[in-house]
Every structure is written in structure tokens, then in C-alpha cells.
């Protein structure tokens, strides 16, 4: 399988002030590829197929897909009106607006839990109604019209647009009505709680017993159901999340000792040994 690697330097302006951009891809189809930036795809019209992580998902109007760095994906469609809006953000965008993003209700659900729900349910975890799609269409058109503005003011507006759109989508992801199907499944809801707990408590103690308690399940039941939903064990999930957090902190220039402690490793040597076991290509977290 030939996979094309897209780099931020190829699709973004080289100016450091450019953190996000958006564009509408019409009659969209693209071969398998990955990239070193984050991408949010919103299907604006038509229908097609989204190939991602070796799986095939139907992609219809309103469907939202979050694609982290290093994830192989592609699209194909026989529909002439398969139009997909792309919001793409450098990793630096998430560093710049870390506080704001973390304050968004549902942000972790959208960027951390959504891929697991998508894989489990075999469909996009978030799909916008026609009304919700219409609410963002005007903003997307404005953003599209600004593509030629290369001023720092234009860069700032684009970054704020990205922040606004992510905030809106995060809220929808967390909305009780939006999660009605999940709420019918108490076990899956408990697993989501456990996943969010991991993201918020990486520096602390994260045993299987603690996570099972958060999920309101017995230890054995939690391990079995978590593995079914996430396709990995709770222990492995925690390790990978700690690796991602350590890499994020190190990329911000934080000291190794500080990064190790904040990510929940025993010490620097423990962190470094673990990082070597998990290549950067496997990472896909903010």
C-alpha cells in the first residue's frame, strides 16, 4: 500500500503566524495519505466512503470526522456533489489555545474519544442536522473568502474561526440530545467517563480498579468492555495517553523531569524508555 505523507509546510503558508486554514474540496476524492497536522472534515453535501485506519465508513451530509496526525485515511465517491469542508490546524494551534480548548465542553470527547466511538459504531460519532449545518455554512463561506488574505490580521481571524468552529462542534458532541444513542448504553457511557478521566488525571494514579470504579463496573467487566470498545486494554490505553502527553509537553519546550512528572511517569528514565517503544507515527493526540 502506497501512502502519501502530507506535511504542514506543504499545505500551510511558511509564516509562523499561520496556525489554521480552511477550504471546501468539491467532488472530493483522495488516495490514502496521512499528515502531521490535525484535520476536521465536515461533509457538506453528497455521500461517499471514508477509508480510515483500515476501516471503511459511509460519509454522508453532516458527518464530521476528526483526523489526528499520523492517521492514514482517504475518500472516494461516485457522487458528483460530494463536497467536504476541511479545517486544518497545526499542532501549534492547540498549544496556542490550550486553555480555551480545554474549557470547551466536549472537547476531549471530540478529539480523544470520537475515534474509538467511530470504530465501534462503524459510523461518524458526530453528524450535524441540516439546521446545524446551516448555522456554520455562513461562517465557512466567510472563511473561504479570506483565503487570499495573507496579512497577520487574516491569520488571526482564521485562527479564531477555527477556535469557534471547534468550540461549537465540541458542544454538540457533549450535548445530551446528541449522545442519546450512547445514553441508551450505560456500559459505553461508563467507558467514555473512564476515558475522559484518564485525560484529566494523567499525572495521578490510574489503575484499572480506579477506572473501573469511575465507569461503575466490576474490574473484570470493565476490562472486557473497554477492550471491546477501544480495541486495546485499559493499561495499554493509559500508557499511550501518557506517551502522547509527554511528547506534547516536550514539544512545548518543557523540561524532561517536568514532562515525566506531568505525564505520570515514575522518572525521566522511565519516560524515555517508554517513548522509545512508541514511535511518533503511532501518536495522534493533541
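The values are calculated or read from the model by the stated rules, or taken from the named source; none is laboratory data. Quantities reported herein were computed from a predicted structural model and do not represent experimental measurements. Cβ coordinates were reconstructed from backbone atoms using ideal geometry, including for glycine residues, and neighbour counts include every protein chain displayed.
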(message) Quick check on this structure: which one of 101, 126, 117 is outside the structural domain of residue 225 (by TED's automatic domain parsing), crowded, with 22+ Cβ neighbours inside 10 Å and in contact with a helix residue (DSSP H, G or I) (Cβ under 7 Å, 6 or more places away or on another chain)?
(response) 126
(message) Being surrounded by fewer than 18 Cβ atoms within 10 Å (Cβ to Cβ), assigned to a loop (DSSP other than H, G, I, E, B) and at pLDDT below 90 is the requirement here; does residue 18 meet it?
(response) no
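Conditions tested, residue by residue: (1) within 18 Å of residue 86 (Cβ to Cβ); (2) within 22 Å of the chain's Cα centre (by Cα); (3) in contact (Cβ under 8 Å) with a residue 60 or more places away in the chain; (4) surrounded by 13 or more Cβ atoms within 10 Å (Cβ to Cβ).
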{"residue": "134", "(1), (2), (3), (4)": "no, no, no, no"}
{"residue": "141", "(1), (2), (3), (4)": "yes, no, no, no"}
{"residue": "145", "(1), (2), (3), (4)": "yes, no, no, no"}
{"residue": "151", "(1), (2), (3), (4)": "no, no, no, no"}
{"residue": "158", "(1), (2), (3), (4)": "yes, yes, yes, yes"}
{"residue": "162", "(1), (2), (3), (4)": "yes, yes, yes, yes"}
{"residue": "171", "(1), (2), (3), (4)": "no, yes, yes, yes"}
(request) Please state which of the following conditions residue 109 fails to meet, knowing it meets all the rest: (1) out of contact with any helix residue (DSSP H, G or I) (no Cβ under 6 Å at 6 or more places or on another chain); (2) crowded, with 22+ Cβ neighbours inside 10 Å; (3) modelled with pLDDT under 85. (result) (1)
(request) Would you point out the residue of the stretch 60-75, among those that are under 13 Å from residue 37 (Cβ atoms) and touching a helix residue (DSSP H, G or I) at 6+ places or on another chain (Cβ under 6 Å), that is surrounded by the fewest Cβ atoms within 10 Å (Cβ to Cβ)? (result) 70
